[in-house]
């Protein structure tokens, strides 16, 4: 997700963490850690080894699309989210997206997706 100062994204990230923890997954964002010497190498390493990746496309940021492509190329399950009415470019419109307008709806939909991934991973 974008590192911008959008309160709605901060709330969404809190929802991501909450629902991930329900299934015993850790949710993290590189920009919230102090000991990362370089962001991109660390990010790419984590994308290559994570159980799954949540990508929020609410803000059109080139790096977020790059990270989405990298996660998919790494054969990781990817959950894509975006605020309701976010316009998506044509090359990601075929990806199932959780469009959210409240944290309640985001949590409900996210819980279903993570439950499915957890089951596939034997959790």
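The values are calculated or read from the model by the stated rules, or taken from the named source; none is laboratory data. Quick caveat, the model's predicted, so the values are computed rather than measured. Here Cβ is always computed from backbone atoms with ideal geometry, including for glycine, and neighbour counts include all displayed protein chains.
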Only one of 84, 75 is surrounded by fewer than 15 Cβ atoms within 10 Å (Cβ to Cβ) and within 24 Å of residue 122 (Cβ to Cβ), namely 75
Can you find, within region 26-41, the residue that is surrounded by the fewest Cβ atoms within 10 Å (Cβ to Cβ) among those that are more than 22 Å from residue 99 (Cα to Cα) and in contact with a helix residue (DSSP H, G or I) (Cβ under 8 Å, 6 or more places away or on another chain)? 26
Of all residues in region 57-93, which are in contact with a helix residue (DSSP H, G or I) (Cβ under 6 Å, 6 or more places away or on another chain) and within 24 Å of residue 112 (Cβ to Cβ)? 71, 74, 77, 78, 79
Do you know which residues across region 89-108 are in contact (Cβ under 8 Å) with a residue 40 or more places away in the chain and either closer than 19 Å to residue 71 by Cβ or part of a helix (DSSP H, G or I) (or both)? 97, 103, 106, 107
Looking at region 109-119, is at least one residue over 13 Å from the mean Cα position of the chain (by Cα), without any contact (Cβ under 8 Å) to a residue 60 or more places away in the chain, surrounded by fewer than 17 Cβ atoms within 10 Å (Cβ to Cβ) and within 26 Å of residue 44 (Cβ to Cβ)? yes
Mind checking which residues of region 42-66 are farther than 20 Å from residue 14 by Cβ and either crowded, with 17+ Cβ neighbours inside 10 Å or at pLDDT 95 or above (or both)? 43, 47
Tabulated pairs, region 50-72, first on the phi < 0 side of the Ramachandran plot and without any contact (Cβ under 8 Å) to a residue 24 or more places away in the chain, second surrounded by fewer than 16 Cβ atoms within 10 Å (Cβ to Cβ) and assigned to a helix (DSSP H, G or I), C-beta under 9 angstrom, 6+ apart or interchain: 63/40
